[in-house]
Amino acid sequence: MTRKLYYIDPYQMEFESKVIKRDQDEHGFFLVLEETAFYPSGGGQPHDKGMLNGVKVIDVEEADGEVRHYIEESLPAETEIVRGIVDQKRRFDHMQQHNGQHIISAVFHDQFGIPTTSFHLGKETSTIDLDTEQLSADVMKAAEERVNEIILGNSPVETKWMSVEEAEKYPLRKSLAVDGKVRLVIIPHIDYNGCGGTHPRTTGEVRAVKFLGWTRSKKQVRLEFICGTRVLQKLEEKHEILTNMKKIIPRPEPQLVQEVEELVQAGKAKDKQIAELEEQLIHYEAQEIISASQGDKVIHRVFKDRSMQSLQTLGKSMVTEIEDSYIILISEQDEQLQFVLAHGEEIERNMNEVAKQVLPLIEGKGGGRPHFVQGGGRKVIDGEAFAEQVKSLL
């Protein structure tokens with residue numbers, strides 16, 4: 001078995017090792033080494049990345065008792081010794097997030113009686129699933145404050161290999177589901193948990209934890225959080241957003257929410273007013289088109305770049321003004337042709353049947369109610385030619 005240096009010293013980021021196997025599977029080419037500092041995916045923690053002899057390590061997985069290093073391209077066949085360099089920034093970030101999760105889970109379990117059921121360490125944020133249906137704002141605040149107190153206390157983080165029987169003498173948060181040797185991660189008087197992940201030497205290296213909110217997931221709560229450097233990154237992102245907002249809305253930060261809310265409400269009121277005016281304009285346009293048709297039983301118009309919604313509104317307005325006429329409205333766009341076909345209430349013809357006969361002309365789709373259908377397709381023919389084809393059927 002490969003000697004796992006990340007368990008001996010999680011801060012060791014460089015090493016040399018002998019290649020003991022090279023192979024390929026559905027994931028790509030991989031190497032198995034005599035010893036490695038690369039952590040494989042497991043326990044909710046993603047794998048390390050880095051380099052082997054200058055070639056990128058894109059994945060690390062443990063399978064069939066092997067730690068497999070999947071690399072971007074194969075190394076020369078004569079390669080016997082490799083030099084590995086682990087991405088230090090990624091590794092330490094994972095150490096911060098994982099240890100932060102241990103502290104968060106311990107606080108929710110011990111202080112609020114809420115156990116953790118799963119953990120996922122994501123690229124930008126991490127989550128834990130908590131066995132409860134909701135979290136109040138007070139519980140969230142109290143838990144976050146206690147977690148950060150523990151971090152500030154700078155307690156040591158210890159790891160020990162022992163038998164399951166020995167481990168069960170500790171106040172574990174959950175029973176162990178393994179046989180033989182187990183690796184216990186211990187934060188004295190705070191957390192005792194079987195875990196195969198990488199952790200810092202002290203809780204102080206986690207630096208800080210910030211809860212970002214929670215959602216319901218399968219009758220449980222999924223809590224989203226960030227730790228360590230990610231807290232500073234998130235603060236920087238939010239600071240940049242606020243700075244840019246203040247350039248647009250020159251108000252003190254505490255007043256920004258109220259100012260934005262007022263702007264949004266004013267915008268909605270204007271949008272409503274514009275929609276009402278547009279509807280009036282379309283109604284006048286409908287009357288004008290009908291008047292200009294001078295009693296034609298088939299009224300058609302071809303527009304340029306008119307939206308389907310506008311075509312439908314115009315068609316509906318026209319239908320209310322006529323009783324025994326057909327309406328053909330067409331919008332020509334760069335590569336598309338859209339249409340509305342309708343008729344007044346005195347006509348009993350099903351316009352779906354008409355649409356089915358002309359849709360193949362534009363390789364299109366459409367449908368609707370018997371008196372009012374809409375559709376569209378490719379602009380294989382122009383609008384006037386399409387209108388003439390519909391007229392021939394009417």
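Throughout, read-outs are computed from the coordinates displayed, never taken from laboratory work. Not measured: the values here are computed from a predicted model. FYI the Cβ positions are ideal-geometry reconstructions off the backbone, even for glycines, and counts take in every protein chain you see.
Summing Lys, Arg as +1 and Asp, Glu as -1, what charge do residues with Cβ under 9 Å from the Cβ of Leu394 carry, Leu394 excluded?
+3
With a sphere of radius 12 Å drawn around the Cβ of Asn350, what net charge do the other residues whose Cβ falls strictly inside it have (Lys, Arg +1; Asp, Glu -1)?
Numbers: positive: Arg349, Lys356, Arg369; negative: Glu348, Glu353.
With Lys, Arg at +1 and Asp, Glu at -1, the net is +1.
Where does the charge balance sit around Arg230 when Lys and Arg score +1, Asp and Glu -1, over other residues with C-beta under 9 Å from its C-beta?
Net local charge, Arg230 excluded: 0.
Angle, helix 229-248 long axis vs. longest principal axis of the chain, Cα atoms, 0 to 90°, nearest 10?
Approximately 30 degrees, to the nearest ten.
Any chance you could give the angle, 0 to 90 degrees and rounded to 10, that helix 308-319 forms with the longest Cα principal axis of the chain?
Compared with the principal axis, the helix lies near 30 degrees.
Count of lysine pairs in the stretch 283-394 with Cα atoms under 15 Å apart, counting only pairs 8 or more residues apart in sequence or on different chains?
On the way: Lys297/Lys391; Lys304/Lys379; Lys356/Lys365; Lys356/Lys391; Lys365/Lys379.
The number of close lysine pairs in the stretch 283-394 is 5.
With the dipole of the stretch 15-58 worked out from charges on the C-beta (+1 for Lys and Arg, -1 for Asp and Glu) around the Cα centre, which of Asn53, Ser41, Phe30 lies farthest toward the positive end?
Farthest along the dipole direction, towards plus: Asn53.
In the stretch 330-394, what trypsin sites (Lys or Arg not before Pro) fall in a loop by DSSP, with at most 14 other Cβ atoms inside 10 Å?
Listed in order of number, the matching sites are Arg349.
Which is farthest toward the positive dipole end of the stretch 163-293 among Gly267, Phe225, Pro200, measuring Cα position about the Cα centre, with Cβ charges +1 (Lys, Arg) and -1 (Asp, Glu)?
Pro200
Can you pull out the GluC sites (Glu not before Pro) in the stretch 49-121 whose DSSP state is coil and whose Cβ has at most 13 other Cβ atoms within 10 Å?
Passing both the DSSP loop test and the Cβ count: Glu72, Glu73, Glu78, Glu80.
Can you give the Kirkwood hydrodynamic radius for the stretch 85-150, in Å, rounded to one decimal and based on Cα pairs?
12.8
Hey, what D do you get for the stretch 244-328 in µm²/s if you plug the Kirkwood alpha-carbon radius into Stokes-Einstein at 10 °C and 1.306 mPa s?
Stokes-Einstein gives a translational diffusion coefficient of 99 µm²/s.
Is the C-alpha gyration tensor of the stretch 153-229 telling us rounded, prolate or oblate? Criteria: a/c under 1.5 is rounded; beyond that, a/b larger than b/c is prolate, otherwise oblate.
Oblate.
In nm², what is the average projected area of the convex hull enclosing the Cα atoms of the chain?
The directionally averaged projection comes out at 30.6 nm².
About its Cα centre, how strong a charge dipole does the chain have in debye, to the nearest 20, once Lys and Arg get +1 and Asp and Glu get -1 at the Cβ? Intermediate values should be presented prior to the final figure.
Numbers: 49 positive and 66 negative charges, 186 e Å.
Using only the charged Cβ atoms, the result is roughly 900 debye.
Starting from the 7 Å offset along Cα-to-Cβ, what nm value, one decimal, do you get for the label separation of Ala142 and Arg22?
Simple spin-label model gives 6.0 nm for this pair.
Can you pull out the trypsin sites (Lys or Arg not before Pro) in the stretch 192-287 whose DSSP state is coil and whose Cβ has at most 10 other Cβ atoms within 10 Å?
Answer by residue number: Lys218, Lys219.
For the stretch 219-307, what is the charge dipole size about the Cα centre, in debye to the nearest 20, if Lys and Arg each add +1 at the Cβ and Asp and Glu each add -1 at the Cβ?
420
Is there a pair in Lys123/Lys238; Lys123/Lys234; Lys210/Lys238; Lys247/Lys270; Lys246/Lys268; Lys246/Lys272 whose C-alpha atoms are over 20 Å apart, and which pairs would that be?
Among Lys123/Lys238; Lys123/Lys234; Lys210/Lys238; Lys247/Lys270; Lys246/Lys268; Lys246/Lys272, the Cα-Cα distance tops 20 Å for Lys247/Lys270; Lys246/Lys268; Lys246/Lys272.
Taking Cα centroids, how far is the stretch 137-194 from the stretch 299-358 in Å?
The distance from the Cα centre of the stretch 137-194 to that of the stretch 299-358 comes to 69 Å.
For the stretch 263-394, give me the percentage of DSSP beta bridges that are antiparallel, rounded to the nearest 5 percent.
Numbers: 19 of 26 bridges.
If we restrict to bridges inside the stretch 263-394, about 75 percent are antiparallel.
Rounded to the nearest 20 Debye, what is the dipole magnitude of the stretch 40-177 about its Cα centre when Lys and Arg each give +1 and Asp and Glu each give -1 at the C-beta?
Roughly 360 debye for the stretch 40-177.
At a Förster radius of 22 Å, what calculated FRET efficiency corresponds to the Cβ-Cβ distance of Asp324 and Gln280, to the nearest 0.05?
With R0 = 22 Å, the Cβ-Cβ based efficiency is 0.25.
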